[in-house]
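A short write-up of the structure that comes next.
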Amino acid sequence: MNNIGNLAFKYKSLQTQIKALEFKAADLKSEMIAILDAANADKMQANGFEVRHQVVETKKLDTAKLKAVGLYDQYLKTSSHLRFQVT
């Protein structure tokens, strides 16, 4: 049972490192977006990479309207999943 404590410690340590790397990645992303904006471009290619910053449209159901006409609950589907947490 004590082994789970060691594993939890390692897990949380890695999670902290991941957050730090995510901040660094976000900074790099912002820098690349600034370069694209300065060039008035939505994509660029360099070193075998293509970097894009473009508008993407998606279509979603308007749940507010479905609720307003009383259809939302009729088609609502409940699902469940396992959640893993270390706090």
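The values are calculated or read from the model by the stated rules, or taken from the named source; none is laboratory data. Not measured: the values here are computed from a predicted model. All Cβ positions, even for glycine, are placed from backbone atoms using ideal geometry, and neighbour counts span all protein chains on display.
What's the total number of residues in region 47-77 that are loosely packed, with under 10 Cβ neighbours inside 10 Å, hydrophobic (A, V, I, L, M, F, W, C) and in contact with a Leu (Cβ under 9 Å, 6 or more places away or on another chain)?
Of the residues in that region, 0 qualify.
Asn3 fails exactly one of the following numbered conditions: (1) of a type outside the set (Val, Ile, Thr); (2) assigned to a helix (DSSP H, G or I); (3) modelled with pLDDT of 95 or more. What is the number of that condition?
(3)
Listed here are the residues, each with its yes/no results for (1) at pLDDT 95 or above; (2) part of a loop (DSSP other than H, G, I, E, B); (3) touching a strand residue (DSSP E or B) at 6+ places or on another chain (Cβ under 7 Å).
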{"residue": "Ala8", "(1), (2), (3)": "yes, no, no"}
{"residue": "Gln17", "(1), (2), (3)": "yes, no, no"}
{"residue": "Leu21", "(1), (2), (3)": "yes, no, no"}
{"residue": "Glu31", "(1), (2), (3)": "yes, no, no"}
{"residue": "Gln74", "(1), (2), (3)": "no, no, no"}
{"residue": "Thr78", "(1), (2), (3)": "yes, yes, no"}
{"residue": "Arg83", "(1), (2), (3)": "no, yes, no"}
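If I go through region 33-65 residue by residue, how many of them are part of a loop (DSSP other than H, G, I, E, B) and of a type in the set (S, T, N, Q)? Don't jump to the end; show me each part of the working.
Of region 33-65, the ones part of a loop (DSSP other than H, G, I, E, B) are 39-42, 47-48, 53-62.
So of that shortlist, the ones also of a type in the set (S, T, N, Q) come out as 40, 47, 54, 58.
Summing the residues that are part of a loop (DSSP other than H, G, I, E, B) and of a type in the set (S, T, N, Q) in region 33-65 gives 4.
Could you run through region 44-65 and say how many residues are in contact with an Asp or Glu (Cβ under 9 Å, 6 or more places away or on another chain) and either of a type in the set (Val, Ile, Thr) or at pLDDT below 95 (or both)?
Of the residues in that region, 1 qualify.
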